[in-house]
Amino acid sequence: MDSTTKPATRHRIASPRADLDRAPPEQVRAAAIRMRAEHLPELGRRMELPVQFDPTGQMCGGIDVHFMWGAYGVVPTRLVVAYDAPIGELLVPGQGVIERCARYNRALRDLRALRDRFERRLGLRSAPPGAEAAQPALCRLDGDIQARQTARLSARVMPLHMLQAEIEFWESYHAYLAAIEARAERAADAPLHVDDTADMELED
């Protein structure tokens, strides 16, 4: 090619944005849905879940997680998204729906493991000093989980923000009870001083 020859100019596809700016809201929304619909198969592939737009058209910026109950907790089955949903947040590593559901299940599993460990180590009927706050909470743990799931998850659909809120709630609850358990274990392992035995009575 001669050095003075100009390279061929690539044909550029005109952006529809200028036309959409002058279009009625209904047309803008319909165009946005069409453009975003092109990305749904790719999103579903990355999420490893079926993804569809909200068929009612009433969702606004939301993402609903449909799920079923499995042997180990919540199992996501599909996503329903609003046409203007911030689907980019689903693509953040470790923040996908499957990962969040696994984190939710793990939070409840860790709580039950804490309860079982507390019972074996310290007992639930006669908690040692320092464990009084944790004892009743751990005794009613299964009932509290069931009541919360009935109130929020009975329809087997939950918005993504609710799933995140439930994760944070149970993880925080675990951290609170684990700190109490740790203090109680330290108290139970502390050596008994001579003065502490003065008022003890032997049981028959």
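crowded, with 18+ Cβ neighbours inside 10 Å and among the small types (Gly, Ala, Ser): does that describe Gly88?
On the way: crowded, with 18+ Cβ neighbours inside 10 Å: no; among the small types (Gly, Ala, Ser): yes.
The answer is no for Gly88.
So Phe53 passes all but one of these: (1) surrounded by fewer than 19 Cβ atoms within 10 Å (Cβ to Cβ); (2) at pLDDT 90 or above. Which condition number does it fail?
So Phe53 meets the others, but not (2).
Being acidic (Asp, Glu) and either within 13 Å of Pro159 (Cα to Cα) or at pLDDT 90 or above (or both) narrows it down to one of Glu99, Glu48, so name that one.
Values: Glu48 fails: either within 13 Å of Pro159 (Cα to Cα) or at pLDDT 90 or above (or both).
Of the residues listed, the single one that is acidic (Asp, Glu) and either within 13 Å of Pro159 (Cα to Cα) or at pLDDT 90 or above (or both) is Glu99.
For the range 66-87, check the following and say yes or no: at least one residue is in contact (Cβ under 8 Å) with a residue 12 or more places away in the chain, in a helix (DSSP H, G or I) and among the β-branched types (Val, Ile, Thr).
Of the range 66-87, the ones in contact (Cβ under 8 Å) with a residue 12 or more places away in the chain are 66-69, 72-87.
Adding the requirement that they be in a helix (DSSP H, G or I) leaves 87.
Okay, now just the ones that are also among the β-branched types (Val, Ile, Thr), so 87.
For the range 66-87, residues in contact (Cβ under 8 Å) with a residue 12 or more places away in the chain, in a helix (DSSP H, G or I) and among the β-branched types (Val, Ile, Thr): present.
Hey, does the range 92-113 have a residue that's crowded, with 19+ Cβ neighbours inside 10 Å, more than 28 Å from Gln146 (Cα to Cα), in contact with a strand residue (DSSP E or B) (Cβ under 9 Å, 6 or more places away or on another chain) and not small (Gly, Ala, Ser)?
no
Restricting the search to the range 35-65, which residues are touching a residue at least 60 places away in the same chain (Cβ under 8 Å) and either out of contact with any helix residue (DSSP H, G or I) (no Cβ under 8 Å at 6 or more places or on another chain) or part of a strand (DSSP E or B) (or both)? Can you show your working first?
Applying the first criterion (touching a residue at least 60 places away in the same chain (Cβ under 8 Å)) to the range 35-65 yields 62-65.
Residues satisfying the conditions are Ile63, Asp64, Val65.
The values are calculated or read from the model by the stated rules, or taken from the named source; none is laboratory data. Just so it is clear, the model here is predicted, and its values are computed rather than measured. Note that we place each Cβ from the backbone using ideal geometry, even for glycine, and neighbour counts take in every protein chain shown.
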